Amino acid sequence: MIRSAGWFSARFVIAAMAITGCQGGANDADAGAADAAGMPVPPSQRFTFATEEAFDASSIAPYAGDHAAVYAYIDANLDAHIAELQRWIRQPSVSAQNIGIQVMATTLRDDLRALGFQEAELVPTDGHPGVWGYYDAGAEKTLLIYMMYDVQPVEPADWLSPPFEARLIDNELGQILMGRGATNQKGPERALLNAISSILAVEGRLPVNLMVAAEGEEELGSPHYPQIVDAYEARLREADGVIFPFNSQDQAGDFEMSLGVKGILYVEMEAKGGPHGGPVNAEIHGSYKAVVDAPALRLTHAIASLTSPDGNTILVPGYYDAVRRARAQRVHRDPARRRIGHRGARRDREGPCRPALRAGGERTELRSQPA
């Protein structure tokens with residue numbers, strides 16, 4: 001039986017998967033659209049770019065550093081590094097259910113302090129706490145690291161291994177570390193801290209200053225991350241670049257670098273019955289659809305009209321007007337330079353990997369087992 005309520009209200013989260021360029025036009029257009037709609041735009045969300053200069057990857061020379069001593073240290077301490085990954089993954093931090101959030105935020109803060117960060121503190125927000133850290137290496141350049149310490153909820157019955165036990169198990173990929181957050185996103189982030197620890201242990205200093213601005217609500221859509229940014233806005237402006245640690249290397253040693261990510265847009269839509277059609281005062285039987293309009297069906301059609309049938313092209317008029325088109329560029333693949341930041345990458349074609357990370361079907365390789 002199908003019933004149509006007297007009025008129908010539903011929420012839909014629409015992932016507006018549009019690549020936005022780093023240019024003034026797009027952001028100015030967004031601000032202008034908000035103004036036209038009568039919605040205030042907080043000053044912290046307005047961005048004005050004073051240059052048309054774009055990043056040109058071809059102008060950057062291939063990395064030629066030699067860190068044999070650091071890699072040797074990693075190999076010698078691999079078990080300890082894996083244990084650090086397991087420690088993070090074993091700590092639940094489900095933002096949607098507020099499970100383990102405070103403990104995980106404190107863990108991140110304490111780990112930054114243990115690495116020698118001169119500043120490491122929790123950042124209060126109207127939601128889950130953020131974490132701020134600063135490592136002063138006395139360097140010319142400063143790198144900002146974005147982190148998220150929260151994960152999605154779990155259905156334990158769906159897992160081949162308990163999601164918060166971070167076990168090393170064997171499967172068709174070899175020996176892997178399985179657990180919630182192993183790939184998204186705690187595994188790569190703790191792996192970066194392992195790398196920082198290794199550099200400090202061998203060389204005694206870092207080549208850049210580091211900032212960390214972490215949140216515990218990424219899986220909720222980052223509703224309070226602007227409060228973390230606002231608290232350190234002046235400091236953040238001193239950063240020369242930003243990175244988001246994530247798994248980028250496959251078993252063959254090939255490395256993928258993303259130059260941008262897609263955004264998400266939340267929209268709440270309502271459909272009600274009224275003089276235009278549809279029931280108003282009470283539910284009615286679905287068989288009356290032929291003579292009484294159905295608000296739920298109208299809402300479904302409205303949502304379908306937002307994109308092309310495959311969902312990959314947004315059909316909202318003017319949506320792409322301020323988006324800069326990508327330029328065709330030739331990508332050079334130099335087999336001799338596949339070992340980006342990983343001296344053993346080419347070895348992966350010949351020997352087993354230990355361990356890979358896997359969560360919900362995702363995996364990545366950390367280090368290769370010596371052949």
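Every number here is computed from the coordinates shown, using simple stated rules; none is lab data. If you're wondering where the values come from, they're calculated on a predicted model, not measured in any experiment. In this analysis, Cβ positions are derived from the backbone assuming ideal geometry, glycine residues included, and neighbour counts consider all displayed protein chains.
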_Computed over region 54-173: relative contact order in percent, which uses C-alpha pairs under 8 Å that are six or more apart_ = 23 percent
*Asp321 versus Lys262, label points 7 Å from Cα toward the beta carbon: distance in nm?*
2.3 nm
*Once fully extended, how much extra length lies between Val242 and Ser287, figured as 0.36 nm per residue of separation less the alpha-carbon to alpha-carbon distance?*
10.5 nm
*Mind running the shape call on region 77-132? Use the C-alpha gyration tensor, a ≥ b ≥ c as the square roots of the eigenvalues: rounded below 1.5 for a/c, prolate if a/b tops b/c, oblate otherwise.*
oblate
*Nearest 0.05, what FRET efficiency do Ala231 and Ile303 give at R0 = 51 Å with Cβ-Cβ as r?*
0.90
*Asn171's amide H: which non-local residues (gap 5+, or another chain) put their own amide H closer than 5 Å, with H modeled 1.01 Å from N in plane and none for Pro or chain starts?*
Ile176
*When a/c is below 1.5 the answer is rounded, else prolate if a/b is larger than b/c, else oblate, so apply that to region 209-248 with a ≥ b ≥ c taken from the square roots of the Cα gyration tensor eigenvalues.*
oblate
_Which of rounded, prolate or oblate describes region 83-185 when judged by the alpha-carbon gyration tensor and an a/c cut-off of 1.5?_
oblate
*At a Förster distance of 35 Å, what's the computed FRET efficiency of Leu200 paired with Ala64, Cβ-Cβ distance as r, to 0.05?*
0.95
*Got a sec? How would Arg109, Arg90, Arg167 order by Cβ neighbour count within 10 Å, fewest to most?*
Arg167, Arg90, Arg109
_Computed over region 154-303, Kirkwood Rh from alpha-carbon pairs, angstrom_ = 21.3 Å
*Straight-line reach from Lys289: which lysines have a Cα under 23 Å away, not including same-chain ones fewer than 8 places off?*
Lys272
*asked:* I need the phi-derived Karplus couplings for region 190-207: 6.51 cos²θ - 1.76 cosθ + 1.60, θ = phi - 60°, integer Hz, Gly and Pro marked x.
replied: 5, 4, 5, 5, 4, 5, 4, 4, 5, 4, 5, 5, 8, 9, x, 7, 9, x
